[in-house]
Amino acid sequence: MNKVETLRKIIKENELDAVILTDEYNIRYYTGFRGEGVALVSEMSKVILTDSRYTEAAEKESDFEVQEYN
């Protein structure tokens, strides 16, 4: 079981809709992304939200969907 699957198991066991990761160390641990932003993990999706300075890096460093915000 990989890190995201483990997190999804916790989400399901605790009857949560999703988990939002804001701590840079947790984001890096679960996504591989080393920039600034937040990550959202749910049963069906995994997304990194970051600004335009880090979009390209997030796409290269992670298999999460990347969404840019202003």
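Structural remarks
- The local environment of Glu5, defined by Cβ-Cβ distances under 14 Å, has a net charge of +2 under the rule Lys, Arg +1 and Asp, Glu -1.
- Simple Cβ-charge dipole of the chain, Lys/Arg +1 and Asp/Glu -1, about Cα centre, in debye nearest 20: 220 debye
- Counting only residues at least eight positions apart within a chain, or on another chain, the lysines with an alpha carbon under 22 Å from that of Lys60 are Lys3, Lys46.
- Neighbour-limited loop hits for GluC sites (Glu not before Pro), the chain (at most 15 other Cβ within 10 Å; DSSP other than H, G, I, E, B): Glu15, Glu36, Glu43
- Label of the coordinate-derived value, Kirkwood radius over Cα pairs in Å, listed as (i) 12.0; (ii) 14.0; (iii) 14.7: (i)
- Theoretical gain in end-to-end length, Glu65 to Arg53 [0.36 nm per residue, Cα-Cα removed]: 2.7 nm
- The chain, accessible surface, carbon-and-sulfur percent (1.4 angstrom probe): 45 percent
- Heavy atoms of Leu16 accessible to a 1.4 Å probe, total area in Å² rounded to 10: 90 Å²
The values are calculated or read from the model by the stated rules, or taken from the named source; none is laboratory data. Being a predicted model, the structure only gives us computed values, none of them experimental. With ideal geometry, Cβ positions are generated from the backbone for all residues, glycine too; neighbour counts draw on all protein chains shown. What goes into the accessible areas is simple: the full protein's heavy atoms, side chains included, and nothing from ligands, DNA or RNA. Shrake-Rupley method; radii C 1.70, N 1.55, O 1.52, S 1.80 Å.
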